[in-house]
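Report on the structure given below.
The values are calculated or read from the model by the stated rules, or taken from the named source; none is laboratory data. The structure presented is a predicted model; accordingly, all values stated were derived computationally and were not measured. Cβ atoms come from the backbone with ideal geometry, glycine included; neighbour counts cover every protein chain shown. In case anyone asks, the SASA skips ligands and DNA or RNA and just uses the protein heavy atoms, side chains included. Shrake-Rupley method; radii C 1.70, N 1.55, O 1.52, S 1.80 Å.
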Amino acid sequence: MKRKGIVAAAGFVLAVVLLGASVTVTAQNEYKLVRQFGKVKRIIDQPGIRLKIPFLETTASLPKETMLYDLSPSDVITKDKKTMISDSYVLWQIEDPLKFAQTLNSSLENGESRINTAVYNATKNVISSMTQDEVISSRNGELSNRVMESIGNNMKQYGIRLMLFETKQLDLPDDNKSAVYERMISERDNIAATYTAEGNSEAKVIRNTTDKDVAIEISEAQKQAEILKAEGEQEYMKILAEAYRDVDRQEFYSFVRSLDALEKSMKGEDKTVVLSADSPIAQIFAGE
């Protein structure tokens, strides 16, 4: 009985071991590689539990999710022979796990090494075809697009898909920064001086044109004033001529003008007027 119990226990343990060696569990975010004698026999790309031949088939996992690879900062030289420091990263994914396993031995480190080489060479080639000013102004996404175009489909041979390339920092070496900043400040000052000169020139033209227009308008107004004044005097003389043509009107206008003359002479505090007997004003008061 004791021997039978030992045999039963050993059989149970063996069954558990065989069951464990016959089952593989695939998670949602991974590929499962099933190998036989070191060669990939099949790929499990759906989550769940699968059976495999115990001891003959082994399994390994590869990630499905998007991964980030941060490249080390490196020096690159622009078209105009200026050195810049590029610090960038890429987002990548294993698109074909079979190719990845066959070409890179299922190693993420090997994959990142290939990515590093491809991205660095593409970045260097793109920046070497651009001037420093063009590189700086292309950080709005143009540089990233050109690097991705330069890489193209080179990574597909490894079962890798590059999803995004971005530069975290694109800077100048410390010993070049001061000279470049001074040159940029000088260029901006020259541009500002040009704008100022153009503005002053336009302002002078506007002032001259305005002064000319004002002078013309004043001259025209003075001309019109003289014309109106002459017309008024002409009308005044006409009225006087008509008035003096009638005897009764002559006396009335003489009377009115005499009163006006008297009014003008009685200004200030002294209201005394000395008149001769034959004065027209004295004759008025005398009733003559």
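Here are the numbers:
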| quantity | calculated |
| --- | --- |
| Residue within region 153-164 that is part of a helix (DSSP H, G or I) and free of Cβ contacts under 8 Å to residues at least 24 places away in the same chain present | no |
| Residues (among the acidic types (Asp, Glu) and either crowded, with 17+ Cβ neighbours inside 10 Å or under 24 Å from the mean Cα position of the chain (by Cα) (or both)) located in region 89-121 | Asp96, Glu112 |
| First in region 98-123 and of a type in the set (Lys, Arg), second anywhere and part of a helix (DSSP H, G or I), Cβ under 6 Å, 6 or more apart | Arg114/Tyr158 |
| From the options Met148, Met163, Met155, Met184, residue that is closer than 16 Å to Lys82 by Cβ and of a type outside the set (Val, Ile, Thr) | Met184 |
| Top-ranked residue in region 213-251 [being loosely packed, with under 10 Cβ neighbours inside 10 Å and among the charged types (D, E, K, R); ranked as modelled with the lowest pLDDT] | Asp248 |
| Which numbered condition Val147 misses (of (1) surrounded by 12 or more Cβ atoms within 10 Å (Cβ to Cβ); (2) more than 27 Å from the chain's Cα centre (by Cα)) | (2) |
| Region 55-72: number of residues that are open to solvent by less than 40 Å² (accessible area, probe 1.4 Å) and either of a type in the set (D, E, K, R) or modelled with pLDDT under 90 (or both) | 2 |
| Boolean, Leu172 is of a type in the set (A, V, I, L, M, F, W, C), under 30 Å from Ser88 (Cα atoms) and surrounded by 10 or more Cβ atoms within 10 Å (Cβ to Cβ) | yes |
| Members of region 122-141 that are open to solvent by 60 Å² or more (accessible area, probe 1.4 Å), at pLDDT 90 or above and not basic (Lys, Arg) | Asn125 |
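One line per residue, one yes/no per condition, for (1) at pLDDT below 85; (2) touching a strand residue (DSSP E or B) at 6+ places or on another chain (Cβ under 8 Å); (3) closer than 19 Å to Ile115 by Cα:
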{"position": "Leu164", "(1), (2), (3)": "no, yes, yes"}
{"position": "Tyr181", "(1), (2), (3)": "yes, no, no"}
{"position": "Ile191", "(1), (2), (3)": "no, no, no"}
{"position": "Tyr195", "(1), (2), (3)": "no, no, no"}
